[in-house]
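Student: Input: one structure, supplied below.
Any read-out appearing in this document is the output of simple, stated calculations on the displayed coordinates, not a laboratory observation. All figures in this text were calculated on a predicted structure; none of them were measured in a lab. In this analysis, Cβ positions are derived from the backbone assuming ideal geometry, glycine residues included, and neighbour counts consider all displayed protein chains.
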Amino acid sequence: MNGVLGGTKTYGSDRTIQMNDRVYQAFLQQKSLNNGKSEFVFCNRDGGPLDYRLVNKRVWHPILRFLGLKSRRAYQTRHTAATLWRACKLFCVSSIFYK
């Protein structure tokens, strides 16, 4: 927060999630774009972590407007994702979020 990296808020907040090879390869490809400047998959020009306020202002809200969607915080979409995964029965949501 405020430019300082830290752990999760609580011990129980730590999560390990499974990802298929296609997702893993996409992350590796994205990370390769920073030419080894950063440990982050998504980073700013200097290799540091992205500032969520700038992402909201320059990316998130403009995309919502373009798509004609009402404004919402990005973190609210985690509920939508979990609901869609569960509806599609792709995998057990609880095994992803609560292991």
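Student: Gain in length, V41 to V23, computed as 0.36 nm per residue apart minus the alpha-carbon separation, to one decimal in nm? Please report the intermediate quantities before stating the final value.
Tutor: Details: separation 18, 0.36 × 18 = 6.48 nm, distance 1.25 nm.
Length difference between fully extended and current span is 5.2 nm.
Student: Report the label-to-label distance for L84 and L54 in nanometres (one decimal), using points 7 Å from each Cα along the Cα→Cβ vector.
Tutor: If labels sit at L84 and L54, their model points lie 2.7 nm apart.
Student: Read phi for every residue in the range 28-33 and hand back ³J(HN,Hα) as whole Hz from Karplus 6.51 cos²θ - 1.76 cosθ + 1.60, θ = phi - 60°, with x for Gly and Pro.
Tutor: Each residue of the range 28-33 in turn: 4, 4, 4, 5, 5, 5 Hz.
Student: Could I have the simple spin-label model distance between Q30 and R65, label points 7 Å from Cα toward Cβ, reported in nm to one decimal?
Tutor: 2.4
Student: Ranked highest first by the average count of other Cβ atoms within 10 Å around their residues, in what order do 6-19, 36-49, 60-73 fall?
Tutor: 36-49, 60-73, 6-19
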